[in-house]
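Below you'll find the structure, written out as C-alpha cells, and then a few comments.
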Amino acid sequence: MITLLVVLAVVVVVAATAGLVTTSRRHRLLEPPARPKQGGGRTAPPPSIEVNQGEVEAAEQAEREAQLAVPEAEPEPWVTEPPRLRDRLGRARALLSEAMGGILSRGRVDEEALEEMEEALIGADVGVVATSNLLSGLRSRMAAREITSTAQLMQALRSEMITMLQAGERSLDAGEGSANVWLFVGVNGVGKTTSIAKVAMREAGEGKSVILAAGDTFRAAAVEQLQHWAQRVEVDIVSGAEGADPGSVVFDAVQRAAARNADLVLADTAGRLHTKVNLMEELKKVKRVASKPPGVVREVLLVIDATTGQNGIVQARQFAGAVEVTGVVLTKMDGSAKGGIVLAIESELGIPVKLVGIGEGPNDLVGFDPEQFVDAILGVAGEKAA
Ligand code: GDP
C-alpha cells in the first residue's frame with residue numbers, strides 16, 4: 001500500500017513538471033521577437049535590411065542638400081551666353097554662300113569661275129580694292145598650279161580672306177588705373193548709343209567700373225536714350241543740358257572717374273551738328289579735352305552701320321582723317337548687311353574691326369574673329385572646301 005502511494009506521488013510530480021515545461025515553452029513561442037539591441041546584439045535583424053534603410057536615408061539627405069545648393073537667383077544678364085555671329089548673320093551669310101555654292105558646283109576652275117567669284121564679292125560689299133587683291137592672290141596660285149579645282153579655289157579664297165583680316169590688332173585697350181576713355185564716333189543712326197550700352201554691359205560684366213558720358217548734347221533724345229541704357233545696364237552716367245558743350249560733359253565724366261577710381265569712361269559724341277560748327281573740328285576738341293590728365297584716350301571707336309555698304313567706307317575716311325580711329329564697331333550685321341564691308345574697311349582703311357553688333361539687345365555684341373567670320377559668310381560652300 002505504501003509502495004502504491006509512493007508510485008502515485010511520483011507520477012503526479014512528474015506530470016506536474018511536464019505541464020509546467022510545456023506552458024513555459026508555449027509562452028516563449030507567443031512572445032514578440034526580441035528588439036534589436038543598440039550596438040549590435042545577437043538578436044539584431046539581418047544586417048542587409050539595416051544597410052538598405054541607411055542608403056535610402058543618405059540618398060534622401062544628399063538630394064535635400066543638392067536642392068539647397070541650387071542657386072535660386074536668376075543669372076545676371078551679362079553672365080548669359082552671348083549669341084554666335086554665325087547664327088545671327090542674316091543676308092551676309094546667305095548671299096555669299098549661295099554664290100560660292102554655285103561656283104563650287106561648276107567643278108572646273110577657269111576664268112569664268114573667277115569672274116563669277118569677282119561678281120559675287122563685289123555684290124557682297126567686299127569693295128573693288130579688296131576684291132582685286134583677293135583675285136590677284138588666287139590667280140597667282142592658279143598659275144602655280146596650286147588650284148586645279150573649284151574646291152581648291154574655295155579653300156584658297158577662304159585662306160586669302162583670313163590672311164587679309166589677320167593683320168588687325170583687335171584687343172581693346174582699357175589701360176591701367178582710372179579715367180581711361182573710349183570715345184565713340186560716327187554719324188547719327190548707326191547704333192552709337194546702343195553700342196555704348198552693349199560695351200558698358202560687357203566691361204561691367206568683366207568687373208570694370210564704367211561711367212558713361214552723354215556727349216551728344218545736340219540731341220535731347222540721344223541723352224535720354226543713354227540715360228535709359230545706363231539705368232538698364234546699371235552704370236553711372238554724366239550728362240549735361242541740351243546744347244551744352246560736349247567737351248565739358250566728357251571733362252566732367254573724366255573728373256568723376258578719377259575721383260571715384262572708375263576704370264573706364266565710355267563717351268558718346270555728336271553725329272551731326274545743327275550749328276555751323278564743323279563736326280570733325282568738334283570731335284577733335286572733345287578728344288583733346290578727354291586727353292587732359294588724368295584722362296587718357298585709349299580707344300577711338302568708329303561705329304559703322306554695316307547695312308550702309310560702301311557709304312560706310314566714305315564715312316570711315318572722313319572720321320579717320322579727323323581723329324585717330326583705333327577700331328571699328330560694325331553694327332547691324334544681323335540685318336540686311338552683306339558682310340563684305342569688313343574686308344573693305346580693313347583693306348582700304350587699315351582700321352581693325354574690333355566689335356560686331358548683331359542685334360538690338362544689350363547682349364548682342366561679339367568680338368570680331370576673322371576665321372569665324374569668313375567661315376560664316378562663305379557658309380556651307382566654304383566649309384565644304386575647308
Ligand atoms: P545712334 O544714333 O548712332 O546713337 O544710333 P542708336 O544707338 O540710337 O541706334 C539706331 C537704331 O539702330 C536703333 O533702333 C537700334 O536699336 C538699332 N541698332 C543698333 N545696333 C544694332 C544692331 O547691331 N543690330 C540691329 N538689328 N539694330 C541695331
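The values are calculated or read from the model by the stated rules, or taken from the named source; none is laboratory data. Just so it is clear, the structure is predicted and the values come from calculations on it, not from any experiment. Glycine also receives a Cβ, built like all others from the backbone with ideal geometry; neighbour counts cover every protein chain displayed. Keep in mind that these areas ignore ligands, DNA and RNA; they rest on the heavy atoms of the full protein, side chains included. Shrake-Rupley method; radii C 1.70, N 1.55, O 1.52, S 1.80 Å.
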Next item on the list: State whether one or more residues within the range 209-225 are free of Cβ contacts under 8 Å to residues at least 12 places away in the same chain, within 16 Å of the ligand (Cβ to nearest atom) and either at positive phi or not in a loop (DSSP other than H, G, I, E, B) (or both).
Entry: yes
Checklist line | the range 282-296, residues that are of a type in the set (A, V, I, L, M, F, W, C) and either open to solvent by 30 Å² or more (accessible area, probe 1.4 Å) or part of a loop (DSSP other than H, G, I, E, B) (or both) | finding: V296
Note to self: Under 7 Å between Cβ atoms, which residue pairs at least 6 apart in sequence (or on different chains) link something in the range 141-153 that is closer than 15 Å to G107 by Cα with a partner that is part of a helix (DSSP H, G or I) and among the charged types (D, E, K, R)?
What the structure shows: I147/R141
Check: How many of the residues making up the range 314-333 are farther than 13 Å from V187 by Cβ and assigned to a helix (DSSP H, G or I)?
Finding: 2
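Residue-by-condition table, conditions (1) more than 13 Å from the ligand (Cβ to nearest atom); (2) in contact with a strand residue (DSSP E or B) (Cβ under 9 Å, 6 or more places away or on another chain); (3) hydroxyl-bearing (S, T, Y); (4) part of a helix (DSSP H, G or I):
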{"residue": "R145", "(1), (2), (3), (4)": "yes, no, no, no"}
{"residue": "L153", "(1), (2), (3), (4)": "yes, no, no, yes"}
{"residue": "R158", "(1), (2), (3), (4)": "yes, no, no, yes"}
{"residue": "I162", "(1), (2), (3), (4)": "yes, no, no, yes"}
{"residue": "L165", "(1), (2), (3), (4)": "yes, yes, no, yes"}
{"residue": "E169", "(1), (2), (3), (4)": "yes, yes, no, no"}
{"residue": "I196", "(1), (2), (3), (4)": "no, yes, no, yes"}
{"residue": "M201", "(1), (2), (3), (4)": "yes, yes, no, yes"}
{"residue": "A204", "(1), (2), (3), (4)": "yes, yes, no, yes"}
Margin query: Take the conditions within 21 Å of A270 (Cα to Cα), within 13 Å of the ligand (Cβ to nearest atom) and touching a strand residue (DSSP E or B) at 6+ places or on another chain (Cβ under 7 Å) and apply them to L365. Does it pass?
Written below: no
Margin query: Quick check on this structure: which one of S195, S178, S209 is at pLDDT 95 or above, open to solvent by 10 Å² or more (accessible area, probe 1.4 Å) and of a type in the set (G, A, S)?
Written below: S209
Check: Across the range 172-194, what is the number of residues that are within 14 Å of the ligand (Cβ to nearest atom) and outside any helix (DSSP H, G or I)?
Finding: 9
Notebook entry, point to check: Tally time: how many residues in the range 334-382 are part of a strand (DSSP E or B) and either of a type in the set (V, I, T) or farther than 26 Å from K287 by Cα (or both)?
Noted result: 3
Checklist line | Flag for A316 being within 16 Å of the ligand (Cβ to nearest atom) and either among the β-branched types (V, I, T) or crowded, with 23+ Cβ neighbours inside 10 Å (or both) | finding: no
Notebook entry, point to check: So which pairs qualify, if the first residue must be in the range 359-376 and closer than 16 Å to G339 by Cβ, the second must be away from the ligand (no atom under 15 Å from the Cβ) and open to solvent by less than 20 Å² (accessible area, probe 1.4 Å), the Cβ gap must be under 6 Å, and the two must be at least 6 apart or on different chains?
Noted result: P370/I162; P370/L165; E371/I162; V374/M161; V374/I162; D375/G382
Note to self: So, E160, is that one out of contact with any Leu (no Cβ under 8 Å at 6 or more places or on another chain) and more than 30 Å from A200 (Cβ to Cβ) or not?
What the structure shows: no
Margin query: Among the residues of the range 230-253, are any touching a residue at least 40 places away in the same chain (Cβ under 8 Å), farther than 19 Å from V286 by Cβ, within 16 Å of the ligand (Cβ to nearest atom) and open to solvent by less than 20 Å² (accessible area, probe 1.4 Å)?
Written below: yes
Checklist line | Selected residue (only one of T308, T326, T331 is under 28 Å from the mean Cα position of the chain (by Cα), among the polar types (S, T, N, Q), away from the ligand (no atom under 16 Å from the Cβ) and buried (at least 17 other Cβ atoms within 10 Å of the Cβ)) | finding: T326
Check: Could you say whether any residue in the range 334-355 is in contact with a Lys or Arg (Cβ under 6 Å, 6 or more places away or on another chain) and away from the ligand (no atom under 16 Å from the Cβ)?
Finding: yes
Checklist line | Qualifying residue in the range 262-269 (condition: modelled with pLDDT of 95 or more, farther than 19 Å from T326 by Cβ, surrounded by fewer than 23 Cβ atoms within 10 Å (Cβ to Cβ) and away from the ligand (no atom under 16 Å from the Cβ)) | finding: yes
